[in-house]
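Presented below is the structure to which this report refers.
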Protein chains: 2
Amino acid sequence: MPDDQVDGRRRVVVECVRPQIDCGEFAIKRVVGESVVVEASVFADGHDQVACHLLYWCEYDKAVQRSPMEPIGNDRWRGEFPVLRVGRYEYTIEGWIDRFQTWRSDFAKRIAAGQDVHVDLLIGAQIIQDVAARAIGKDADLFRRSIVRLRDKDDQESGKNAALDLELLHAVQRYPERHLVTPYEKRLGVVVDREKARFSTWYEIFPRSCSPEPGRHGTLLDCAARLPYIASMGFDVVYLPPIHPIGHTFRKGRNNSISAQPDDVGSPWAIGSEQGGHTSVHPKLGTLEDFRKFISSAKEYGLEVALDIAFQCTPDHPYVKQHREWFRKRPDGTIQFAENPPKLYQDIFPLDFEAPEWHALWMELKEVFLFWIGQGVRIFRVDNPHTKPFLFWQWIIDGIKEQYPDVLFLAEAFTRPHVMYRLAKVGFSQSYTYFSWRNTKQELTDYFRELTQSEVREYFRPNLWPNTPDILPEFLQVGGRPAFMVRYILAATLGSSCGIYGPAFELCENTPYEPGSEEYLNSEKYELKHRDLDSPGSLRDFIARINRIRKHNPALQSDRNLRFHKTDNPSLICYSKATDDLSNIIIVIVNLDSFHNQTGWVDLDLDSLGLDATHAFQVHDLLGEGRYLWQGARNFVELIPESLPAHILHVRRWVRTETDFDYYL
Amino acid sequence: MPDDQVDGRRRVVVECVRPQIDCGEFAIKRVVGESVVVEASVFADGHDQVACHLLYWCEYDKAVQRSPMEPIGNDRWRGEFPVLRVGRYEYTIEGWIDRFQTWRSDFAKRIAAGQDVHVDLLIGAQIIQDVAARAIGKDADLFRRSIVRLRDKDDQESGKNAALDLELLHAVQRYPERHLVTPYEKRLGVVVDREKARFSTWYEIFPRSCSPEPGRHGTLLDCAARLPYIASMGFDVVYLPPIHPIGHTFRKGRNNSISAQPDDVGSPWAIGSEQGGHTSVHPKLGTLEDFRKFISSAKEYGLEVALDIAFQCTPDHPYVKQHREWFRKRPDGTIQFAENPPKLYQDIFPLDFEAPEWHALWMELKEVFLFWIGQGVRIFRVDNPHTKPFLFWQWIIDGIKEQYPDVLFLAEAFTRPHVMYRLAKVGFSQSYTYFSWRNTKQELTDYFRELTQSEVREYFRPNLWPNTPDILPEFLQVGGRPAFMVRYILAATLGSSCGIYGPAFELCENTPYEPGSEEYLNSEKYELKHRDLDSPGSLRDFIARINRIRKHNPALQSDRNLRFHKTDNPSLICYSKATDDLSNIIIVIVNLDSFHNQTGWVDLDLDSLGLDATHAFQVHDLLGEGRYLWQGARNFVELIPESLPAHILHVRRWVRTETDFDYYL
């Protein structure tokens, strides 16, 4: 016999429930207002018809809600539920034999075959009677009346009509029997974030470079004065590298030189000095109060502040004295510094997550997040999360989101695919990507199909950066201003979240430290910068336009809807994004060659865009302002690196024809 | 903090373990002597190197064995273990940080970079000392010597050499540290069957048609006399439709007519009369002793007997009187007969698996299997398993295989894909397939890719039947003798298990009951047959040849190795099967058109066959006896329906050239 807990008469199977990450170990991700579409295989032995419900509940009220699932063919069923609150939802499925539907559809076949149905009418009446026991009001009346008619031996015609009455069917469906129900054995999770988790536009800036006077160390207040400029470009997140005191032992000099000069400012990621550690503000940047003011100012400009969390310490960090047990000791008694042999980072002591005192370490690091949350921060960009244990992140993110479900975490992990995806699974809200190194049509298509059309999209939210202080890609080094335009267009239209490290980006800074290096020459990581934001080549207006397009077109605010279309020229990439209801459709065509004009034919998948090959449609280039009348799948384009490296086409479905005039009718 | 049971310092992740069916709910299947290749993603945060073991054990001794896994790139690891006994195995994985490997590879980089390593030598010595604590004998000596050298301040060169010594590495690997090990959370199952589960050739025959005198009801002993004939064609399983007493109430007449004539024999699947039920032998077939004799005779000819188990009863079955509670009652007090509205089967009462007395019903039905096992049966062909609950089959098959692990079950379910696959998951050893209705190159390619190259192959073993007493496919109805040849070639070379319903098949019987029907005219299901086995058109010799080819070529005895190759003619299908070591390679090319000669070019995937485009190879047609010298991927073929509808080419890799002569060297 099967387990005594299991009723062997449970004939329905519920299997292959999607979405489902690693057998339900991890939650999928959604933002408020989205819906979760769930599919499952639900079937039974024999010919009986089955029914199933999607069950879901929110962690706040736990009240289980039900949504009937619909068959979509081949024993697959689909259901859907909305996620209306930030926090955690769960879902599961129940399936059972639908006795009434089975009986009713058999009955209809018997009638059609002209068979004697007098016993079948009695069977139907019995089923309805069982349903009626749970019914109230008008429905109960209907059931009573129907039963009488089905049992009326003298008027079988009336019984037949009553049996197949659609009103009766709908009434019965309001009282699902759920006899011998099969519950799906797992409860699957959904982490629901606020909308910014899905749609965000980031600007990274070093506050110390914001001084209006060359050579003076900039402050948070100087940086606040830069906010109108940042906001005018349409960004909504301003991300600051670590703002903490910087160590002096083994401080790195300009261009990452081993020996710093006395006036070298050091790297913001070399955290900790006698002036404080991860919960202190670098005195030259200002005070904690200045930081809170900075957050308020940003808010006024529609900008949210993202803070960098880099869990590593210089030899001068307070932890090194107070918690020597959190660091690994070498046989000579010294503390193990960071290394990636043969590279040595003597200015950094990594925390030892294998230390016996790991409990206390975890607690302390969680406090760091809570401290900044206390100052008003709700977005954290986490530095190198892939060098700390996955269990640690899972615990810290779960714990913080339980208390502050609106907090978002961006994983800055540039590492191997499984590691990046695992970080997303354990909780990171957004992730950096390989976008920086995907340049060709094939590379971009393959990678973005993986990100947006595979299961990955359920838990990994890409945030696309054409540059970072660590990454000046070769494409930007050699391609000049048009390359910067191309890469921003790609980032901003392939990804619903993207960001730039500015003002290096909009000013098209592109000199590498040395040939073959992706480091910037005279990198801002090790020195103050003073820049002319009004330089004539600035992409400020261009970026502002792109970001306006993103803001006004909901199609560009999601990634699941990305579709690639064919072109006959390898330098031309074409893709579209559309809202689910197709009320907003954007087609993007980019010239990936920043040196030459490129022409070619695009071959649109009209079906995916809801377009009819027999009707012309107008496309409006939101970038170049051109308007084109297109018809059918194949359309010609020409793109020019300097002036028009891409089309961002808004599809206007209807082109007026004579049939639109009243007198035509 | 994470669960108190979990050590937060466990940094290794083990995920995405394959094979794995429905999150480990179901076992994969293998036969004795095969190996299980397991892959998993195993990785940790940071740069440390990981190691992992595949753990496996057999249900009999439970002794856990370990097999080290090897990295295959992109954080995937592969391991393998042999299954040497029939029964159940389990496997799981453990991963951990490999401290010595991490240290060693870093150390090598430091040496290469010319760095000072005096502290690193001490760290290495400490790691080796930890290993040495677990070591014995020669290894312990080696560790002691190495530690002394690594710690020798006066001779760092010796220490460096000792540290990187390969002998030391291999010794350390014999004592894996498994510190902070991450066990994969699931134990995954393997059902190991005897070889016949994978490679079997079936012949279905109605014993009652085996009488040498026309009109007399054949017996089991008559059928035994037919065994040499069956064996001569190379079959190894002889499958008998139900041999039980047949009901008389509502007995079906010839051609499934509603009213039987007094001398009509009825359908063997209408089981049960006052002469007995599922554990009785039809008196006209003989006795239980005759049946046991039949099994012995079959054994002498290398044939195993498969018995049909059809869990359904006629109104005359003893269960109907003794266990009315196992049948569904209608409101008029009658027992519900079988139906698939509007079709009615008044001669059959289905068992009610939703009856409150389901426990007793399950026990009784299990006894039926055990009864026939007691008579010596080890293979059951289960009729319509898809009309009984999955939980029931899972329980019955698990229970029987626990006691008799050599018993095999063939599921006769022609129904929707999820249902068929589920039956295989819950335990059926082999399954009927849609092969009967897959005729074109595209259909065959798509379906057999699904069966042999997707996860399905881990649990679903196809058994291919060109015909059954219920299925005379249109292709056979219209294509004449060449069609029968084509379909048997396909069944016998696409599938490592296949079967025919004979002698209808080898005699090319192909008249349907009516146009559009797949039922045979004057079907043997309802009447006795008398046939001339020596009729000149018989495919007896042809089938014997094909089955000989199957027996002599191990490549044809497995399905996982099926590969399709391109042809430029839609009527020509080409595929290959090869043993893992490529010692036996068979290429099959079939003309799917049974009316016309077809010519065309095949385009072989030489890599998959281990063939070199620069060397000629000989192919020997095991069917037509031709020998051809081929070179490169593209080769021409011509196939003729009547005489040579296919090539079954044995690849002989080496063609002698001048370099094979001694004097050439």
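Bear in mind these aren't lab numbers, they're just calculated from the coordinates by the rules spelled out. If you're wondering where the values come from, they're calculated on a predicted model, not measured in any experiment. Glycine gets a Cβ as well: all are built from the backbone with ideal geometry, and neighbour counts include every protein chain shown.
State the antiparallel share, in %, of DSSP beta bridges confined to chain A, rounding to the nearest 5.
Expressed as a percentage, antiparallel bridges in chain A total about 75.
Ranked highest first by the average count of other Cβ atoms within 10 Å around their residues, in what order do B:482-495, B:567-580 fall?
Averaged packing, sorted descending, gives the order B:482-495, B:567-580.
Modelling each spin label as a point 7 Å along the Cα-to-Cβ direction, I'd like the B:ASP406/A:ARG328 distance in nm, to one decimal.
In this crude label model, B:ASP406 to A:ARG328 measures out at 5.6 nm.
Per residue of B:66-78, what is the mean number of Cβ atoms on other protein chains within 10 angstrom of that residue's Cβ?
1
What order, most packed first, do the peptides B:445-458, A:627-640 have when packing is the mean number of other Cβ atoms within 10 Å of each residue?
Going from most to least packed, we get B:445-458, A:627-640.
Could you pull the copy-to-copy label distances for B:ARG78, with points set 7 Å along Cα to Cβ, in nm to one decimal and sorted shortest first?
Inter-copy label distances (nm, one decimal, shortest first): 3.8.
Using r as the Cβ-Cβ distance of B:SER105 and B:LYS343, and R0 as 56 Å, what FRET efficiency do you calculate, to the nearest 0.05?
Efficiency at R0 = 56 Å is approximately 0.20.
Using 1/(1 + (r/R0)^6) with R0 = 22 angstrom and r between the beta carbons of A:LEU533 and A:GLU638, what's the FRET efficiency to the nearest 0.05?
0.10
What length, rounded to one decimal in nm, is gained on full extension from A:ASN522 through to A:ASP141, with 0.36 nm per residue of separation minus their alpha-carbon distance?
Here the segment from A:ASN522 to A:ASP141 would lengthen by 128.8 nm.
Quick check: pseudo-label points 7 Å beyond the Cα along Cα→Cβ at A:SER296 and B:PHE595, how many nm apart are they?
Inter-label distance under the simple model: 8.9 nm.
So how strong a dipole does region B:343-411 carry about its Cα centre when Lys and Arg Cβ are +1 and Asp and Glu Cβ are -1, to the nearest 20 debye?
Roughly 280 debye for region B:343-411.
Need one value for B:339-346: mean number of C-beta atoms belonging to other chains within 10 Å of its residues' C-beta atoms.
If you average over the peptide's residues, the count of other-chain Cβ atoms is 5.
Based on the alpha-carbon set only, what is the convex hull volume of the protein assembly as shown divided per residue, in Å³?
In the protein assembly as shown, the Cα convex hull volume per residue is 248 Å³.
Straight distance only, please: which lysines reach the Cα of B:LYS401 with their own Cα at less than 30 Å, same-chain residues fewer than 8 apart left out?
A:LYS186, B:LYS29, B:LYS62, B:LYS186, B:LYS196, B:LYS293, B:LYS299, B:LYS366, B:LYS388, B:LYS425, B:LYS551
Gain in length, B:GLU25 to B:VAL119, computed as 0.36 nm per residue apart minus the alpha-carbon separation, to one decimal in nm?
Length difference between fully extended and current span is 28.8 nm.
Could you tell me which Cys residues in chain A have no other cysteine's Cβ under 4.7 Å from their own Cβ, answering none if every one has a partner?
A:CYS16, A:CYS52, A:CYS58, A:CYS313, A:CYS498, A:CYS508, A:CYS574
From the Cα gyration tensor of region A:238-379, with a ≥ b ≥ c the square roots of its eigenvalues, which class applies: rounded if a/c is under 1.5, or else prolate if a/b is larger than b/c, or else oblate?
It is oblate, given that a/c is not under 1.5 and a/b is not larger than b/c.
Compute, for chain A, the length of the dipole vector about the Cα centre, with Cβ point charges of +1 (Lys, Arg) and -1 (Asp, Glu) only. Units Debye, rounded to 20.
Dipole size: approximately 540 debye.
Go ahead and run the numbers for FRET between A:GLU625 and A:ARG416, Cβ-Cβ distance against an R0 of 41 Å, rounding to 0.05.
In this case the efficiency is close to 0.40.
With both partners inside region B:177-331, how many of the DSSP beta bridges are antiparallel, as a percent to the nearest 5?
20 percent
In whole percent, what relative contact order does chain B give with Cα contacts below 8 Å and a gap of six or more residues?
Dividing the mean separation by the residue count of chain B yields 10 percent.
Kindly provide log₁₀ I(q)/I(0) values, in the same order as q = 0.09, 0.10, 0.11 Å⁻¹, from the Debye equation applied to equal alpha-carbon scatterers of chain A.
-0.87, -1.00, -1.13
Show which lysines lie in cross-link reach of A:LYS109 when reach means a straight Cα distance below 17 angstrom and same-chain residues fewer than eight apart are skipped.
Hits, sequence-local ones excluded: A:LYS160, B:LYS343.
How do A:184-190, A:26-32 rank on mean C-beta neighbours within 10 Å, highest first?
Packing order, densest peptide first, comes out as A:26-32, A:184-190.
What percentage of all Cα-Cα pairs in region B:522-577 are separated by more than 19 Å?
More than 19 Å apart: 61 percent of the Cα pairs in region B:522-577.
If amide hydrogens are placed 1.01 Å from N in the peptide plane, which non-local residues have theirs closer than 5 Å to the one on A:HIS282?
Here the answer is A:HIS244, since their amide H atoms fall under 5 Å of that of A:HIS282.
Charges only on Cβ, +1 for Lys and Arg, -1 for Asp and Glu: so what's the dipole of region A:496-625 about the Cα centre, in debye to the nearest 20?
With only Lys, Arg, Asp and Glu charged at Cβ, the dipole is about 340 debye.
Can you give me the long-range amide H partners of B:VAL36? Hydrogens built in the peptide plane at 1.01 Å from N, cutoff under 5 Å, separation of 5 or more residues or another chain.
So B:VAL36 has HN proximity to B:PHE81, B:VAL83.
Give me the base-10 log of I(q)/I(0) for region A:155-203 at each q in 0.13, 0.21, 0.29, 0.31 Å⁻¹, Debye formula, one uniform scatterer per Cα, rounded to two decimals.
-0.67, -0.88, -1.06, -1.10
Provide the per-residue ³J(HN,Hα) series for region A:551-556, in order, calculated from phi with Karplus coefficients 6.51, -1.76, 1.60 and θ = phi - 60°, each as a whole number of Hz, with x at glycine and proline positions.
For region A:551-556, the Karplus curve yields 5, 8, 10, x, 4, 7 Hz.
Give me the distance in nm between label points sitting 7 Å out from Cα along the Cα-to-Cβ direction at A:LYS153 and B:ASN74, one decimal.
Calculated label separation equals 7.3 nm.
Considering only A:LEU629, B:TYR488, A:GLY600, whose Cα is most displaced toward the positive end of the charge dipole of the protein assembly as shown, charges sitting on Cβ of Lys, Arg (+1) and Asp, Glu (-1)?
After comparing all options, I get B:TYR488.
How large is the helix-only mean residue ellipticity at 222 nm for the protein assembly as shown, computed as the sum of -39500 (n - 2.57) over DSSP H runs with n ≥ 4, divided by its residue count, in deg cm²/dmol to the nearest 500?
Using -39500 (n - 2.57) per qualifying helix, the result is -8500 deg cm²/dmol.
What's the minimum Cβ distance from chain A to the axis relating it to B, in whole Å, and which residue gives it?
Reported as residue, whole Å: A:CYS23, 2.
Using amide H atoms built 1.01 Å from N in the peptide plane, name the residues 5+ places from A:VAL50, or on other chains, whose amide H lies under 5 Å from its own.
For A:VAL50, whose amide H was placed from the backbone, the distant partners under 5 Å are A:ASP98.
Provide a whole-number value for the mean count of partner chain Cβ atoms within 10 Å of the Cβ atoms in peptide A:413-419.
4
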